[in-house]
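For reference, the structure is listed below as structure tokens.
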Amino acid sequence: MTTMLEQARQGAAVQVLDLKKRVYRVLLVPGAVLGTVMIQFGTPVQSLVWWLSMLGEVVWSLLIWAFLSGRLRLRPFEWSLFASAGLIFLGLLGLDVSGNVPMFVVTAQVLYIWTFLSFGTRLGMQATAAFFAASLLVYALGGPVSASSTRLFTLFSLATPIYLVCLYAFAAVLESQAGAGLAAVTELAYRDALTGLPNRLNFREHLGASLASGQPLALLFIDLDNFKAVNDGLGHQAGDQLLCELALRWQSRLPPGEVLARISGDEFAVICPGLSAQTVPARAAQLLAALEEPFTLAGQPYRASASIGIGLYPDPARSAEELLRHADEAMYTVKASGKNGVQVYVPGRMQVRLR
């Protein structure tokens, strides 16, 4: 089951990667064209800033192309994109920054996209807002500006909030889709598909957490008696119906804090924190009493019974493995003694309480 969960997480990661590729694929050509136009109209042709700006456009386009073609993996691509944008931005600090607003626009857009796709909505919004504020500060301290640069920067200042809102909306969709996919596969990995109860993997995690709390607990192993006869005589559909109805009856009789899980075909387990050797038999009796009312399977009444073995922690079991073994041994003692009963594991004196 752990392997299944890892495969689920890998599937969610693949979904995120695919969404990111779709975004960069859409941005590649329009972004390169927009950046080139801004550089041509906003910087002196053949100047140092012009060459630096054009170099940035070429590098970013090549990085995106390498990522989309599979020549560059996601994490190296994102860091390379960030590093190249940062270097270009630092290079501008030694020049007439206030007179070259278009490069701010191009660099800022690259960093906005990178932060959103890399860190998600919350951190992405914080990072882009901080970068936008830094851009405004650097521009304000840059000295006198021309009328054309002022118009360009005003446009940049007005358009940036809209741009951020659009990126935020996209990132929210990206995260919700990835989150929904991961939640679905995680649910599949941790829940029994037939009954909806916690499965074996989920049960082991609950048991580990309960033991880590340090409080005493009882573990009940429940095995249905003669379940194979139901499948053979009435069909597997009737057997599935019996398991589902049993799960509902038992779940309704357990208090909050106790966990019922289906750990195999006709075997269930109940984790009962706080119960002792004196109090746990009453809980087992409640579960057996839930079987007194006949089930209707394939149009016929059917009386079910079960064998329940109980292990106790921390005495005599000292670990999860011992607790599981004790409950299992007690349950098989009931089976060997005629079924339909309850047995608490007590070293050296295993006496079965039959109904």
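Any read-out appearing in this document is the output of simple, stated calculations on the displayed coordinates, not a laboratory observation. Everything quoted here is computed from the prediction, not taken from an experiment. Neighbour counts are summed over all protein chains in view; Cβ atoms, including those assigned to glycine, are modelled from backbone coordinates with ideal geometry.
At-a-glance table
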| read-out | value |
| --- | --- |
| Potential extension, Ser61-Asp232 segment - 0.36 nm per residue separation minus Cα distance | 55.0 nm |
| Cα→Cβ-extended label distance, 7 Å offset, between Arg71 and Tyr302, nm | 6.3 nm |
| For Gly274, residues with placed amide H under 5 Å, excluding near neighbours | Leu217, Ala218 |
| Which of Ile64, Ile310, Ile263 has the fewest Cβ neighbours within 10 Å, and the rest in rising order | Ile263, Ile64, Ile310 |
| Ascending count of other beta-carbon atoms within 10 Å, so fewest first, for Arg204, Arg303, Arg253 | Arg303, Arg253, Arg204 |
| Bins of 10 Å from zero: percent of alpha-carbon pairs in the stretch 200-354 | 11, 43, 34, 11, 1 |
| Reachable aspartates and glutamates from Lys21, criterion Cα separation under 13 angstrom, eight or more residues apart if same chain | Glu78 |
| Efficiency of FRET from Cβ geometry, Glu205 and Glu293, R₀ 25 Å, rounded to 0.05 | 0.15 |
| Which of Tyr313, Leu220, Trp250, positive extreme of dipole for the stretch 200-354 (C-beta unit charges) | Tyr313 |
| Under 17 Å from Lys339, Cα to Cα: aspartates and glutamates that are on another chain or at least 8 residues apart | Asp223, Asp225, Asp266, Glu267, Glu292, Asp328, Glu329 |
| Dipole magnitude of the stretch 187-296 about its Cα centre (Cβ charges: Lys, Arg +1; Asp, Glu -1), debye to nearest 20 | 320 debye |
| Fewest-first ranking of Arg73, Arg200, using other Cβ atoms within 10 Å as the exposure measure | Arg73, Arg200 |
